[in-house]
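Take a look at the following structure, please.
The values are calculated or read from the model by the stated rules, or taken from the named source; none is laboratory data. Remember, predicted model here, so these are calculated numbers, not experimental data. FYI the Cβ positions are ideal-geometry reconstructions off the backbone, even for glycines, and counts take in every protein chain you see.
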Amino acid sequence: MNKSQFWAMACDLKEHPENLPKYRAIYRNVYPFSDGIFKMLMANEGKPERTIKFLNAMLGLTGDKAITEFTLGVQEQPGVLDNKTNIFDIYGYNQAKEPVVIEVQQNFNTLFVDRLVYYTARIVNNQVKKSKSYELPHIYVLSLLVDDQFPLEADTYFHHCQVMRNRKYPFKKIDVFLVEMTKFFRMDDRLLEENRKAARSIQEGAQNEHGIARDMSPRAEMLRLFRDVLEDKTIDMEKAGKLLDEDFVKDVDFKGYTDELLLLEVDNMTDMLYEKQGSYLQGKAEGREEGHAEGADAKNKELAKGFRDDGFPLEAIAKRTGLSPEEIQAL
């Protein structure tokens, strides 16, 4: 099940929970990147080896830099006074007691980098206690981006960020890794097609046609495994066992989740829709008060288009934005 399918299902089940058996008959796999499901898959206390393998592959850690132990920490870091509270998707420590964070970003957000810097700064801030020196541990932050976040970098899906001085001499104790999954899938498809064309050219007698090497790193193989889940394919147990563990096949099986758990996940995830709706309504009201109804209307259409592209049913979007299904479809 991919993101659009999950959003469509979630919107339907929010209003009609009795339709859940219908989806059990349609889908083989769960959507692995919804908040609760992702935590159950990748932060299972009974299966720490899975988290370790996932992190080493995604962060590209090998040899003496590889993570060999992972201990879950407290996900919520309360704000002080009027500071925001941080709630990480997965927060823990490796064998050297170095903080490791995994975050999933569902949608494009113009303030994504700002939010990421704030989260990272809070982690840094919490490392220094009274009477202790300012020596920081190594800190790892992994952000999985479901949608493209950097569209101008069409050929780069993996971004390794560090604090730099004069664009060199990095501060090596803070490593932030950003992985654009959908962009990787497109790049992989493009390389496959180019290699097929090169192979056909060779068969036809071309002398200078060569295939382009695909990314076969553990990170790329891990992403291909999750792509199989998203595309609702039968998961190869041998492949899953090599990359994570054989239990992963069972753990992504849609039928393995109770109705209660799935409906709770629907409630949690559809809250994101209502949060966006509330922000829109507030902005619209402020725009009208200031005489900017046109700007609010443009934001309304932009919001509706985003919901439509995420797979929300047109009727649900119309109900919450005031636009007709025809207007939404035409955006």
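Being within 14 Å of the chain's Cα centre (by Cα) and among the acidic types (Asp, Glu) is the requirement here; does GLU103 meet it? Explain how you work it out, then say what you get.
Working: within 14 Å of the chain's Cα centre (by Cα): yes; among the acidic types (Asp, Glu): yes.
So GLU103 fits the description; yes.
Run GLU15 past the list (1) exposed (fewer than 15 other Cβ atoms within 10 Å of the Cβ); (2) in the same structural domain as ILE235 (by TED's automatic domain parsing); (3) not aromatic (Phe, Trp, Tyr) and report the number of the one that doesn't hold.
Among (1) exposed (fewer than 15 other Cβ atoms within 10 Å of the Cβ); (2) in the same structural domain as ILE235 (by TED's automatic domain parsing); (3) not aromatic (Phe, Trp, Tyr), the lone unmet condition for GLU15 is (2).
Could you give every pair whose Cβ atoms fall below 7 Å, whose first residue belongs to the stretch 104-131 and is within 25 Å of ALA43 (Cβ to Cβ), and whose second residue is of a type in the set (Ser, Thr, Tyr) and at pLDDT 90 or above, counting only separations of at least 6 or pairs across chains?
GLN105/SER143; LEU116/SER143
Among the candidates ALA285, ALA220, ALA298, ALA304, single out the residue that is small (Gly, Ala, Ser) and modelled with pLDDT of 95 or more.
From the options ALA285, ALA220, ALA298, ALA304, the qualifying one is ALA220.
Can you find a residue that is within 21 Å of the chain's Cα centre (by Cα), polar (S, T, N, Q), closer than 23 Å to LYS233 by Cβ and part of a loop (DSSP other than H, G, I, E, B) anywhere in the stretch 13-33?
Within the stretch 13-33, not a single residue is within 21 Å of the chain's Cα centre (by Cα), polar (S, T, N, Q), closer than 23 Å to LYS233 by Cβ and part of a loop (DSSP other than H, G, I, E, B).
Among the residues of the stretch 18-40, what is the count of those that are small (Gly, Ala, Ser), surrounded by fewer than 19 Cβ atoms within 10 Å (Cβ to Cβ) and touching a residue at least 40 places away in the same chain (Cβ under 8 Å)?
Summing the residues that are small (Gly, Ala, Ser), surrounded by fewer than 19 Cβ atoms within 10 Å (Cβ to Cβ) and touching a residue at least 40 places away in the same chain (Cβ under 8 Å) in the stretch 18-40 gives 1.
Oh, and also: Considering each of ILE123, ILE67, ILE87 in turn, give the residue that is in contact with a helix residue (DSSP H, G or I) (Cβ under 7 Å, 6 or more places away or on another chain) and closer than 30 Å to LYS3 by Cβ.
Just one listed residue meets the conditions, ILE67.
Here is a check on your reading of the model: is PHE177 surrounded by 14 or more Cβ atoms within 10 Å (Cβ to Cβ) and under 16 Å from SER217 (Cβ atoms)? Can you show your working first?
Details: surrounded by 14 or more Cβ atoms within 10 Å (Cβ to Cβ): yes; under 16 Å from SER217 (Cβ atoms): yes.
Spelling it out, PHE177 is indeed surrounded by 14 or more Cβ atoms within 10 Å (Cβ to Cβ) and under 16 Å from SER217 (Cβ atoms).
Here's a follow-up. In this structure, does ARG214 turn out to be of a type in the set (Lys, Arg) and either at pLDDT below 95 or crowded, with 18+ Cβ neighbours inside 10 Å (or both)? Even if it seems obvious, please write down each step before you answer.
Values: of a type in the set (Lys, Arg): yes; either at pLDDT below 95 or crowded, with 18+ Cβ neighbours inside 10 Å (or both): yes.
Yes, satisfied.
Take ALA57 and tell me if it is surrounded by 17 or more Cβ atoms within 10 Å (Cβ to Cβ), touching a Lys or Arg at 6+ places or on another chain (Cβ under 6 Å), closer than 24 Å to GLU221 by Cβ and assigned by TED's automatic domain parsing to the domain that holds ILE235.
So ALA57 fits the description; yes.
So, one more: Just wondering, is there one or more residues in the stretch 75-85 that are surrounded by 14 or more Cβ atoms within 10 Å (Cβ to Cβ), in the same structural domain as LEU223 (by TED's automatic domain parsing) and within 22 Å of VAL146 (Cα to Cα)?
Yes, the conditions are met somewhere in the stretch 75-85.
Also, quick follow-up: For the stretch 119-140, indicate whether the set of residues that are polar (S, T, N, Q) and assigned to a strand (DSSP E or B) is non-empty.
no
Please go through the stretch 93-137 and give me each residue that is farther than 28 Å from ASP148 by Cβ and in contact with a Pro (Cβ under 8 Å, 6 or more places away or on another chain), ordered by number.
Residues satisfying the conditions are TYR93, ALA96, LYS97, GLU98, GLN127, PRO137.
With the structure loaded, tell me whether LEU41 is in a helix (DSSP H, G or I), of a type outside the set (Ser, Thr, Tyr) and within 15 Å of LEU263 (Cβ to Cβ) or whether it fails that test.
no
Ok, one more. Taking the condition of being part of a strand (DSSP E or B) and farther than 23 Å from ARG186 by Cβ, how many residues in the stretch 141-167 meet it?
Step one: of the stretch 141-167, the residues part of a strand (DSSP E or B) are 141-145, 158-165.
If we keep only those that are farther than 23 Å from ARG186 by Cβ as well, we get 141, 162-165.
The number of residues fulfilling the criteria is 5.
Follow-up question, since we're still on this one. Filter the stretch 132-154 down to residues that are more than 12 Å from the chain's Cα centre (by Cα) and within 23 Å of ALA43 (Cα to Cα), then give me how many there are.
5
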